[in-house]
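A short worksheet on the structure shown next.
The values are calculated or read from the model by the stated rules, or taken from the named source; none is laboratory data. Everything numeric here is computed off the predicted structure, so don't read it as measured data. Here the Cβ positions follow ideal geometry from the backbone for every residue, glycine too, while neighbour counts run over all protein chains shown. Note: areas computed on protein heavy atoms with side chains; ligands, DNA, RNA excluded. Shrake-Rupley method; radii C 1.70, N 1.55, O 1.52, S 1.80 Å.
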Amino acid sequence: MTALNSDAFVFFGATGDLAHKKIFPALYNMVRRDGLDIPIIGMARAGWTLDKLRERARESAQQAGDFDADSFAKLSALLHYVDGDYTAPATFKSLRQALGSATQPIHYLAIPPSMFSSVVQGLAKSGCADNARVIVEKPFGRDLATAQALDRTLHEVFAEPSIFRIDHYLGKEAVQNLLYFRFANAFLEPIWNRQYIRDIQITMAENFGVQGRGAFYEEVGAIRDVVQNHLLQVIALLAMDAPVGHETQSMQAEKLRLFRAMRPIDPAEVIRGQFRGYRNEKGVAAKSQVETFAALRLHIDTWRWADVPFYIRAGKCLPITATEVIVNLKSPPLAVFAGTDIPPSNYFRFRLSPEVVICAGALVKHNGEGMHGEPVELIARHHDPGEKPPYERLLSDAIHGDTSLFTQDQSVEAAWKVVDPMLKDSLPVTEYEPGSWGPASSANIMIGGETWHDPHVEEASP
Ligand code: BG6
């Protein structure tokens, strides 16, 4: 059955940072590229006017680049603005009026989770939730218990298939390519298991700090901000079994099985770090114990992955901005070429951000006498600058009722079960120098002589 398209787009938090940086540019491109033409209703309690919102939307669209005045005029004509307190019934009455003849709106809650309950209740009581969908932003809870409470709040009014939880990593071309590369090719499956794979590493490095978001970051920290969601989602795509059938539900069921097979993290296998200077950021406590860096070891208890360590590392103020996965294969059993060591193992490298790269690392013989090796990379895919930004893809999917790139209640909860032990334990935080790869102790969680692979600046395509 084809899902019906939403006939109005409502977004709460219309005057906020997310709206400015991501939502307006996405809406503008949806109008420009895909001819989006449903009413767009911005909600906020900022005392703004429609003109002010339009001005803000224009700035966002201009900053997103490639500005086209005609397309912006179309977006501007679709915009409405409703100002009001999210706890007041009058706000939702005004929204109902602004919705006009729309019968199946989609509501985007780009607001802190503490406000979800009053907004969801307001939508229900005013009739705005009838036949509607809802999009929710991360962070989806602070731990398992709060995520479950949020789900209860949403489920009081919306059925699970009408709830779209955004994890923008799932909207990235490179992340979808992980799944495609794995399951569209026959050569990977025979080696994609504990017989051939030694370990898998993922590093999400950012060469900047908290960028004025100190107060937000104090509530979150690296584990809640990017590990519980973005990075565990990537691991799930790397490690899940092939789905049975083409339906979205089959894919989601396999992902859920994988999340449930992840062993809750042992706090002894976690290193937390904080960059020097973080405590001077606005909104950050003078003795803050919040981590801006985390490194950890994860285990997946399945026949495919038993004893294969998955290493995860994420941090702010590291030497480079790049997210990269390395899948290290085991070494050949013997050194065939006399006088040489057993060559280093082969690997697959998936650069997820900022470029898109898939390549295999191999050794070839160095020209000349003797049997000496030279490492090369066989590059399968390079970056396409025309890639649709994740928010554009995800919001468009939500409007069309396609849930395939969104996260479900059970898998989000399963992911919280994995990280909960390290959130509860008051693990020490080690200071690190900005521009370094985090605390040196992050090497201690590696086993079998493994070391971290540090992403480098990607070479341009040949
Ligand atoms: C967000 C985090 O979810 O992802 C940020 O809150 C982080 O802290 C960002 O910087 C990274 O996303 P991207 O797409 O820029 O790699």
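Numbers for the structure displayed
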read-out: Cα centre as origin, Lys/Arg/Asp/Glu Cβ charges: the chain dipole, Debye; value: 740
read-out: Long-range amide H partners of Tyr347 with built H, under 5 Å; value: Leu329, Gly361
read-out: For the chain, convex hull of alpha carbons as volume per residue, Å³; value: 157
read-out: Whole-number accessible area per residue in Å² for the range 380-462, which is evaluated in the context of all protein chains at 1.4 Å; value: 50
read-out: Straight-distance crosslink candidates among lysines, where the alpha carbon sits under 25 Å from Lys365 and sequence neighbours closer than 8 are dropped; value: Lys330
read-out: Shape box of the range 35-146 [Cα atoms, principal axes, largest first, Å]; value: 45, 34, 28
read-out: When the range 248-301 is reduced to its Cα atoms, the Kirkwood hydrodynamic radius in Å; value: 14.0
read-out: Residue-normalised accessible area of the range 168-315, expressed per residue, 1.4 Å probe, Å²; value: 41
read-out: Taking the convex hull of Cα positions in the range 186-226, its mean projected area over all directions (nm²); value: 4.9
read-out: Most to least accessible of Arg213, Arg304, Arg351 (protein chains only, probe 1.4 Å); value: Arg213, Arg304, Arg351
read-out: Estimated FRET transfer efficiency (Thr103, Arg152; beta-carbon r; R0 22 Å; 0.05); value: 0.25
read-out: Within the chain, helix-based [θ] at 222 nm, where runs of 4 or more DSSP H residues each add -39,500 (n - 2.57), nearest 500; value: -9000 deg cm²/dmol
read-out: Sites Thr451 and Arg279 - FRET efficiency at Förster radius 30 Å, r taken between beta-carbons, to 0.05; value: 0.50
read-out: Fraction of accessible area attributable to carbon and sulfur, the chain (%, probe 1.4 Å); value: 53
read-out: Per residue value of the accessible surface for the range 1-159 (all protein chains in place, 1.4 Å probe), Å²; value: 44
read-out: Length gained when the stretch Ala286-Glu459 is fully extended (0.36 nm per residue, less Cα-Cα span); value: 58.2 nm
